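In what follows, a single structure is set out as structure tokens and then discussed.
The values are calculated or read from the model by the stated rules, or taken from the named source; none is laboratory data. Not measured: the values here are computed from a predicted model. Note that we place each Cβ from the backbone using ideal geometry, even for glycine, and neighbour counts take in every protein chain shown.
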Amino acid sequence: MNANTPITNLPFEGEYLCSPSKKHSEIVVFIHHFGGNKKSTRRHQKILLEAGYDCVTFNLYYHSFDADSQFSHRLMKLIRHVVTGHKNFIETWTDQLNSVLDHLPGEKILFSLSSPSTSAVGVLGGKQRKDVKAWICDSGPFLDAWECFWNYNAVLARISNPLLLAAINTTSFIIFGGLGYERRLRRWISETPKDFPVLSLRCEKDQLVPLRAIEKFFALPHSFRLSTHLFNGAEHLGGIKTHFSDYRQILIEFLQDFRQTGS
């Protein structure tokens with residue numbers, strides 16, 4: 001199969017990456033982690049490009065290029081988000097992903113990282129997309145959103161003052177879409193396609209998203225054809241760093257099985 005001509009003018013600074021040895025018609029669409037950007041998934045993209053898949057990556061709302069290094073500037077951005085009545089992050093990310101998918105022809109595979117993995121559930125269930133045929137998710141999605149955001153603000157943002165931490169976590173939780181969070185995900189997951197292939201990658205030493213939070217999400221009633229893998233000793237999103245060979249092999253085997261059994 002010949003390589004496609006890259007699709008230009010994708011929304012949200014999107015990039016279309018052509019495989020040097022294209023073998024498959026599906027396009028892999030990446031959803032980067034919160035605090036990352038479209039370049040954060042370069043290692044993951046390299047695996048799929050070498051495996052013969054074209055890839056697409058784009059910047060989510062409030063990605064790392066938007067977040068100033070000074071805490072005060074980041075806080076002001078969050079305040080403006082609330083004051084202007086902007087949609088919560090989950091709804092916004094879902095709309096962004098849906099728009100990117102609209103710009104792409106044919107069938108797609110989603111590859112999501114951490115909390116923005118909720119957008120994949122949103123397009124599969126809430127938007128009822130029929131052109132997405134498989135989903136790979138790393139360190140998300142999850143329930144216990146309050147706890148996971150507390151971990152993010154305490155561990156990564158290093159907010160040590162307990163009162164400030166509580167205030168920031170409350171704001172983050174609301175902006176993210178924490179109010180009605182489980183109810184929304186429960187509804188979306190119930191509307192996903194039957195026997196839909198999903199690969200859930202988890203990290204044993206994840207300080208941000210405890211394993212039980214991911215397990216709780218996938219314990220919600222669903223009809224996924226679910227495969228899972230736990231990377232022993234790995235921290236949040238760290239499987240690809242500490243277990244690269246295994247990570248690559250797991251991806252390739254999942255995609256081979258998906259293609260053999262169909263979606």
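Could you list, in sequence order, all residues of region 198-219 that are touching a residue at least 24 places away in the same chain (Cβ under 8 Å), crowded, with 16+ Cβ neighbours inside 10 Å and not β-branched (Val, Ile, Thr)?
LEU199, SER200, LEU201, ARG202, CYS203, ASP206, LEU208, PRO210, ALA213, PHE217
Given the residues LEU49, LEU60, which is the only one that is among the hydrophobic types (A, V, I, L, M, F, W, C) and either at pLDDT below 95 or touching a Phe, Trp or Tyr at 6+ places or on another chain (Cβ under 6 Å) (or both)?
Being among the hydrophobic types (A, V, I, L, M, F, W, C) and either at pLDDT below 95 or touching a Phe, Trp or Tyr at 6+ places or on another chain (Cβ under 6 Å) (or both) holds for just one of LEU49, LEU60, which is LEU60.
Quick check: is even one residue across region 23-34 at positive phi, in contact with a Ser or Thr (Cβ under 7 Å, 6 or more places away or on another chain) and part of a loop (DSSP other than H, G, I, E, B)?
There is no residue in region 23-34 that is at positive phi, in contact with a Ser or Thr (Cβ under 7 Å, 6 or more places away or on another chain) and part of a loop (DSSP other than H, G, I, E, B).
Can you tell me which residue is surrounded by the fewest Cβ atoms within 10 Å (Cβ to Cβ) among those in region 2-19 that are at negative phi and modelled with pLDDT under 95?
Per the stated criteria, the residue is ASN2.
Quick one: which of LEU201, LEU143 is under 16 Å from the mean Cα position of the chain (by Cα) and within 23 Å of LYS108 (Cα to Cα)?
LEU201
I'd like the full set of residues that are within 26 Å of PHE176 (Cα to Cα) and among the aromatic types (Phe, Trp, Tyr), limited to region 1-47.
Once the filter is applied, which keeps residues that are within 26 Å of PHE176 (Cα to Cα) and among the aromatic types (Phe, Trp, Tyr), region 1-47 yields PHE12, PHE30, PHE34.
What residue, of SER119, SER172, SER160, is polar (S, T, N, Q) and modelled with pLDDT of 95 or more?
From the options SER119, SER172, SER160, the qualifying one is SER119.
Here is a list: LYS133, LYS127. Which entry is surrounded by fewer than 21 Cβ atoms within 10 Å (Cβ to Cβ), closer than 15 Å to VAL198 by Cα and out of contact with any Cys (no Cβ under 9 Å at 6 or more places or on another chain)?
On inspection, the qualifying residue turns out to be LYS133.
Just to be sure before I move on: is ILE31 among the hydrophobic types (A, V, I, L, M, F, W, C), crowded, with 19+ Cβ neighbours inside 10 Å and within 21 Å of GLY122 (Cβ to Cβ) in the structure I sent?
It is true that ILE31 is among the hydrophobic types (A, V, I, L, M, F, W, C), crowded, with 19+ Cβ neighbours inside 10 Å and within 21 Å of GLY122 (Cβ to Cβ).
Return the residue satisfying two criteria in turn: it lies in region 215-263 and is at pLDDT 95 or above and small (Gly, Ala, Ser), and of such residues it is nearest to ARG187 (Cα to Cα).
Restricting to residues being at pLDDT 95 or above and small (Gly, Ala, Ser), the top hit is ALA219.
Of all residues in region 210-263, which are under 22 Å from THR118 (Cβ atoms) and of a type in the set (A, V, I, L, M)?
Those that are under 22 Å from THR118 (Cβ atoms) and of a type in the set (A, V, I, L, M): LEU211, ALA213, ILE214, ALA219, LEU220, LEU226, LEU230, ALA234, LEU237, ILE240, LEU251.
Out of (1) over 19 Å from PHE111 (Cα atoms); (2) surrounded by 20 or more Cβ atoms within 10 Å (Cβ to Cβ); (3) in contact with a strand residue (DSSP E or B) (Cβ under 7 Å, 6 or more places away or on another chain), the odd one out for TYR152 is which?
Result: TYR152 fails condition (3) only.
Do we find that ASP195 is charged (D, E, K, R) and either surrounded by 21 or more Cβ atoms within 10 Å (Cβ to Cβ) or touching a residue at least 24 places away in the same chain (Cβ under 8 Å) (or both) in this structure?
Yes.
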